[in-house]
Structures are given as structure tokens and as C-alpha cells.
């Protein structure tokens, strides 16, 4: 009986993470501030789900997401002049280069740590997707448009294979939806950036 209850709870948590995940990416694509609290619910669900699935870096990532979500929520409301929306911008070149270097170094260090200190069966993929998620989420909080291609190509596409390998079918199925929503967000943000320049 406890196994059945555990299975039901895990599937309920995965389903809730699925639903709130879709909602938050849709809200981000439309630059709606409610994306942040909805995303916090998603992160809490996935923290539990990934921890119980042995995706330790991904579970730790959810803690970071909650913290950055609080910052992003504040920044989108308070990090702008009164009565104006925070504008979509490009990542400054120096920041982009710094993030590239940090991404490579952090992926190698985290991958080595997961390989030696945990029973992870996918240390390097777990590390790479985790680090790229951190970078993309930081850029999202700053409203830099480059967050979208990182989500699509560096996070969601690899997650399809990673989650299928781990048996998280519903979460794997969510990734193509995230990709479609991210493409829409990328296009919407590009349009808004062009209009702001006009």
C-alpha cells in the first residue's frame, strides 16, 4: 500500500509541475509578472520529483529557481521607472563572455562532483542542463532576450532525452511544449524590442 500511495503522490506532483510549468512559460512569453509566483510552484514540485529520481543537480536547481524567481518578481515590478514596463534588452557583450566562461567551468566542476559524490547515472548531462538553466533563468530575470535560445537548445531539447532516460515521461513530454512556448516568447520579445527602438 505505501508503494501505491508514493506512486500516486509522485504522479500528482509531476502533473502539478506539468500544469504550472506550461502556465509559467506562457506567462513569461507574454511578459506577465504572474509568471514568477506560478514558476515558484513549479520549482517546488520539481524539487521533490527530481530529488526522488536521483537528478540531484536538477533538484538543487529548483532551490535556485525559487530564489531567482523572488528576485525576478521584484525586478520586473520595481526595477523600472514608475508606470513603465521593464524593457526587453540584449545581453551586454562582456556579460555574455563572462557567462560563457562560467558555463563551461561550472559544468565541468559540477559534472565531476556529481560523478564522484553521488550515485548519478548522468552526471555530465545533469550538470550541463543545470548550469545552462541557471544562466537562462538569470537572463530571464534581467529580461535579456538571449534567455530564449538557451532554454530551447541548451535546456529543453536535452531534457527530452534525459527525462525519458530517467522514466519521467510526463516531464519529458512537457519539453516540446516548453520549446513551442519559448519560440513564441522569443518572437514576442523580439517584436517588443524592435517596437521600443522605433
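Annotations for the structure displayed:
- Site pair residue 63 and residue 102 shows an inter-label distance of 1.8 nm when each label is modelled 7 Å from Cα along Cα→Cβ.
- Theoretical FRET efficiency, 1/(1+(r/R0)^6), r = Cβ-Cβ of residue 16 and residue 196, R0 35 Å, to 0.05: 0.45
- Helical mean residue ellipticity (222 nm; -39500 (n - 2.57) per DSSP H run of 4+; nearest 500) of the chain: -26500 deg cm²/dmol
- Angle between the chain longest axis and helix 56-78 axis [Cα atoms, degrees, rounded to 10]: 20
- For the range 6-55, the alpha carbon positions stretch 36, 18, 13 Å along the principal axes, listed from largest to smallest.
- Measuring r between the beta carbons of residue 177 and residue 32 and using R0 = 22 Å, the FRET efficiency lands at 0.80.
- The mean of 1/r over all distinct Cα pairs in the chain, once inverted, gives the Kirkwood hydrodynamic radius of 17.4 Å.
- Considering the range 138-188, its Cα convex hull presents a mean projected area of 3.4 nm².
- Tilt relative to the chain, helix 2-29 - C-alpha long axis, 0 to 90 degrees, to 10: 10
- Rounded to the nearest 10 degrees, the angle from helix 123-141 to the longest Cα principal axis of the chain is 30 degrees.
- With contacts taken as Cα pairs under 8 Å at a separation of at least 6 residues, the chain carries a relative contact order of 22 percent.
Coordinate-derived values only; no laboratory data. Note that the coordinates shown come from a computational prediction; the quantities given were computed from them, not determined experimentally. We place every Cβ from the backbone using ideal geometry, glycine too, and count neighbours over all the protein chains shown.
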